[in-house]
Amino acid sequence: MFLITGSNGQLAKEFQKFFRSKKIKFAAPSETQLDITDFKKTQDVVSRFKPAVIFNCAAYNFVDDAEGKSSEAFRVNSSAVENLALVCRLQKILLVHYSTDYVFDGKKGDFYNENDRPHPINKYGLSKLQGELAVRRHLNKFLIFRLSWVFGGGKQNFLYKVRQWARKDAILKINADEVSVPTYTKDIVDVTMRALKENLRGLYHLTNNGYASRYEWAKCFLKKSGFQNAVIPVPSDYFPTKAKRPLVSFMSNAKISKKLGIVIPSWEDAVDRFIKDLRAL
Ligand SMILES: NC(=O)c1ccc[n+]([C@@H]2O[C@H](COP(=O)([O-])OP(=O)(O)OC[C@H]3O[C@@H](n4cnc5c(N)ncnc54)[C@H](OP(=O)(O)O)[C@@H]3O)[C@@H](O)[C@H]2O)c1
């Protein structure tokens, strides 16, 4: 039995779709039933389902709001993750946890690998890093996957916003100096399940192949989707934000790819499949 937290999020939904299609038993309680910041409730829910694995897809992902409401970000991304790790230790459950490229400051100027020292430059990144450290502190065996620029079904992602903007405005201005790797929820689920099958443990960077600026990503998505909008590259300070973001935070997926003997599809291929999946809805 698998247990998924944060059931309404984009990655959690992809897991549910996958398990349903494979007829694999899982539980995905709603946030009201399983609020991971409530230690007692979490312990009770986990005891009831007795999962072999917990996929922690719950997170506070509002990067700008996290600057002002940092206590909420730290509650969900750090303290609750520590609680989950404790529950997993007590009940001998494997914790699969997801983190982010925003644990890095973006100054390396090359792909980040798992040996690079994190140095977050915003509160969201720091809260996620503290979550990682809690998992490592309390568990000997765990899986942590650092992801970047996650896209999938639902409204809480960049491509959804781009589509909304394109329906409204003929000309879009998109930040061209933030660079990372757009990563598709379907590929995250696929690689996670392969890693479980191969009994991998530890910390891995899990991204699609390649890298892109937000401008390139938006342009590619709009063109492949048949939109005719003009897309204009602008520097990141054109749209001031509350949180600083790492400018070049792309991560290498070489470690996980080598361990599993796979080539993870490029982000462009992932965008193609995402558009096909959207059309099939
Ligand atoms: N999205 C990205 O670009 C990105 C990039 C790098 C890493 N990641 C990481 O990847 C993982 C999956 O992200 P995602 O994009 O699927 O996130 P998402 O769509 O924002 O989903 C997160 C879910 O967690 C829920 N949640 C928040 N607090 C909770 C709590 N206390 N108890 C239970 N559930 C709670 C949220 O509910 P509400 O909707 O009510 O808030 C939301 O449904 C996360 O660890 C995230 O940090 C994401």
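The values are calculated or read from the model by the stated rules, or taken from the named source; none is laboratory data. Quantities reported herein were computed from a predicted structural model and do not represent experimental measurements. In this analysis, Cβ positions are derived from the backbone assuming ideal geometry, glycine residues included, and neighbour counts consider all displayed protein chains. Side chains included, ligands, DNA and RNA excluded: accessible areas come from the protein's heavy atoms. Shrake-Rupley method; radii C 1.70, N 1.55, O 1.52, S 1.80 Å.
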- For segment 54-66, in order, what is each residue's ³J(HN,Hα) by Karplus, 6.51 cos²θ - 1.76 cosθ + 1.60 with θ = phi - 60°, in whole Hz (x at glycine and Pro)? 10, 9, 8, 9, 6, 6, 9, 10, 8, 4, 6, 4, 4
- Query: Counting pairs of Cα atoms in the chain, how many percent are more than 30 Å apart?
  - Reply: 27
- Take the solvent-accessible surface of the protein heavy atoms, probe 1.4 Å, and return the percent of it on segment 76-180 that carbon and sulfur atoms account for. 49
- Query: When the solvent-accessible surface of protein heavy atoms is calculated with a 1.4 angstrom probe, in what order do 142, 74 fall, highest first?
  - Reply: 74, 142
- Message: With every protein chain kept in place and ligands, DNA and RNA left out, what is the accessible area per residue of the chain? Probe 1.4 Å, answer in Å².
- Response: 48
- Mean-position separation - Cα centroids, segment 158-201 and segment 245-260, in angstrom: 14
- Task: Pop a pseudo-label 7 angstrom from the Cα along the beta-carbon direction at both residue 20 and residue 32 and give the gap in nm to one decimal.
- Result: 2.0
- Could you give log10 I(q)/I(0) at q = 0.12, 0.17, 0.21 Å⁻¹ for segment 40-174, computed by the Debye formula over C-alpha point scatterers of equal weight, without solvent? -0.56, -0.99, -1.27
- Note on the structure: For the table 69/242; 224/276; 13/186; 128/244; 128/161; 17/50, the rows whose alpha-carbon distance is greater than 19 Å are 128/161; 17/50
- Could you please report the charge total around residue 137, scoring K, R as +1 and D, E as -1 over all other residues with beta-carbon less than 11 angstrom from its beta-carbon? 0
- Would you mind calculating the gained length between residue 273 and residue 52 on full extension (0.36 nm times residue separation, minus the Cα-Cα distance), in nm to one decimal? 76.5 nm
- Note on the structure: Taking 121-128, 196-203 and ranking on average Cβ neighbours within 10 Å, highest first, one gets 121-128, 196-203
- So between residue 117 and residue 234, what do we pick up on full extension, going 0.36 nm a residue minus the alpha carbon distance? 39.1 nm
- Message: At 0.36 nm per residue, and after removing the present C-alpha to C-alpha distance, how many nm does the segment from residue 43 to residue 199 gain when stretched out fully?
- Response: 53.7 nm
- Message: Could you tell me the extents of segment 1-118's C-alpha atoms along the three principal axes, largest first, rounded to whole Å?
- Response: 45, 32, 25
- Query: Dipole magnitude of the chain about its Cα centre, charges +1 at Lys/Arg Cβ and -1 at Asp/Glu Cβ only, in debye to the nearest 20?
  - Reply: 880
- Message: As a test of reading the structure, rank 82, 31, 114 by solvent-accessible area (1.4 Å probe, protein chains only), most first.
- Response: 31, 82, 114
- Message: As a test of the formula, what do you get for the chain when each DSSP H run with n ≥ 4 contributes -39,500 (n - 2.57) and the sum is divided by the residue count, at 222 nm and rounded to the nearest 500 deg cm²/dmol?
- Response: -12500 deg cm²/dmol
- proj_area_mean for segment 192-281 (convex hull on C-alpha atoms), units nm², value 8.3
